[in-house]
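*Asks:* Take this structure first; my questions come after.
Just so it is clear, none of the values below were taken in a lab; they were calculated from the coordinates. Nothing here was measured: the structure is a model prediction, and the numbers come from that model. Glycine also receives a Cβ, built like all others from the backbone with ideal geometry; neighbour counts cover every protein chain displayed.
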Amino acid sequence: MATVTCEACGAQNDSRTAVCTRCGAALGAPALPAASPYLLATQAQWALAIPTKARSGSLWLFLGAGVLALMVGLGIATVTLQPKPPQAIVYPPPPRRPPLVKSQTYVSTKYGFSLQYSNDIPRGAESDSSITWKSGKTTVLSAIGVSQQGRSPQQIVAAALRNIYAGAQPAYAIPGAEVGYNSAAYGAVYDILVDPGTGQAVPSRLVIIAAVRKNVAVEVVGFGPVRPASPESFDQPNPSLLGISQTLDEILNTVTWAGDPPL
């Protein structure tokens, strides 16, 4: 007789029997798998295990805030540790001078030029072509008109130097020299020695500036003793080292030629 083994309990049964005579399991059915030692997670456990969008967003927000704080800290450190540029030195403006009191006018009847000067300047000789001011025995200031005769301002200055003091030593040429705001001019400063009558020569300087217009040349000449370059002597830089330099400049600025509009 043919037999069949029960898949559930292993008992031998007649092949013509549909169920096992021992355990009642259906003969020929596959055996159930052994029970798994693991249990399926509950829905609550799955919810805790899977990260949510809210938790992921909070993490990125925290990281972004940390990076931003680091960048701000580095920026503050860069500005704080950067060396400061040197502070610019601001010099006070030169003192304002009172305007020239134009109380006197000189007009050359021979050459037609004119100029103005203050009563504070002691006047010396006057002619139809020149006017002279003196202060003591060693300071002289003159304005002289001459015919240009095709000469340049520099040639006129050289001729005047030969007539006044041939042994003068050049000190420097005056940059941007002008007479009556006429830029067709040349000027120079010379070192000389002047004897005031005491038998002892005094170091002095001679200034000659000449300008030409309408075939007329105007020479402005001044000389006087050299003064030390110090704040007590001059209230602003004065390369000529002459006490009459301010007066000379004031007169130079008032010179006009015949037919010129008034300054």
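*Asks:* What does a probe at Leu193 reach in the stretch 148-182, counting residues whose amide N is under 16 Å from the point 7 Å along Cα→Cβ?
*Replies:* 165-170
*Asks:* Okay, next question. From the backbone phi of the stretch 170-182, what are the Karplus-calculated ³J(HN,Hα) couplings (6.51 cos²θ - 1.76 cosθ + 1.60, θ = phi - 60°) in whole Hz, Gly and Pro given as x?
*Replies:* For the stretch 170-182, the Karplus curve yields x, 9, 6, 7, 7, x, x, 4, 9, 10, x, 6, 9 Hz.
*Asks:* Would you mind ranking Arg22, Arg213, Arg16 by Cβ crowding within 10 Å, fewest neighbours first?
*Replies:* On the way: Arg22 13, Arg213 20, Arg16 10.
Listing Arg22, Arg213, Arg16 from fewest to most nearby Cβ atoms yields Arg16, Arg22, Arg213.
*Asks:* Starting from the 7 Å offset along Cα-to-Cβ, what nm value, one decimal, do you get for the label separation of Leu61 and Gln104?
*Replies:* Going by the 7 Å Cα→Cβ label model, 9.3 nm.
*Asks:* State, to one decimal in nm, how far the label point of Glu126 lies from the label point of Asn163, with both points 7 Å from Cα in the Cβ direction.
*Replies:* Each label point is offset 7 Å from its Cα along the Cβ direction, giving 2.1 nm.
*Asks:* Only sites in a loop by DSSP and with at most 14 other Cβ atoms within 10 Å count here; which trypsin sites (Lys or Arg not before Pro) in the stretch 125-179 make the cut? Mind showing how you got there, number by number?
*Replies:* Working: sites: Lys134, Lys137, Arg151, Arg162; in loops: Lys137, Arg151.
Passing sites in the stretch 125-179 are Lys137.
*Asks:* Under a point spin-label approximation (7 Å from Cα along Cα-to-Cβ), what is the Tyr181-Arg151 distance to one decimal in nm?
*Replies:* 2.8 nm
*Asks:* Using only alpha-carbon positions, what ratio does the radius of gyration of the stretch 104-252 give when scaled by 2.2 N^0.38 Å? Show your work: numbers first, answer last.
*Replies:* Values: Rg = 14.9 Å, N = 149, 2.2 N^0.38 = 14.7 Å.
Its radius of gyration relative to the 2.2 N^0.38 Å reference: 1.01.
*Asks:* Mind putting a number on the dipole of the stretch 104-252 about its Cα centre? Charges go on the C-beta only, +1 for Lys and Arg and -1 for Asp and Glu, and I need it in Debye to the nearest 20.
*Replies:* Working: 10 positive and 11 negative charges, 90 e Å.
Computed charge dipole of the stretch 104-252: roughly 440 debye.
*Asks:* List the residues whose amide H sits under 5 Å from the amide H of Thr254, counting only those 5 or more places along or on another chain, with H placed 1.01 Å from N in the peptide plane.
*Replies:* So Thr254 has HN proximity to Gln116, Gly180.
*Asks:* Residues of the stretch 239-263 with the amide nitrogen closer than 12 Å to a label point 7 Å from the Cα of Val226, along Cα-to-Cβ, please.
*Replies:* 240-242, by backbone N distance to the label point.
*Asks:* Could I ask something else about it? Around Phe113, which amide H atoms from residues at least 5 apart in sequence, or from another chain, sit under 5 Å from its own amide H, with H modelled in the peptide plane?
*Replies:* Amide H neighbours of Phe113: Ser108, Ala258.
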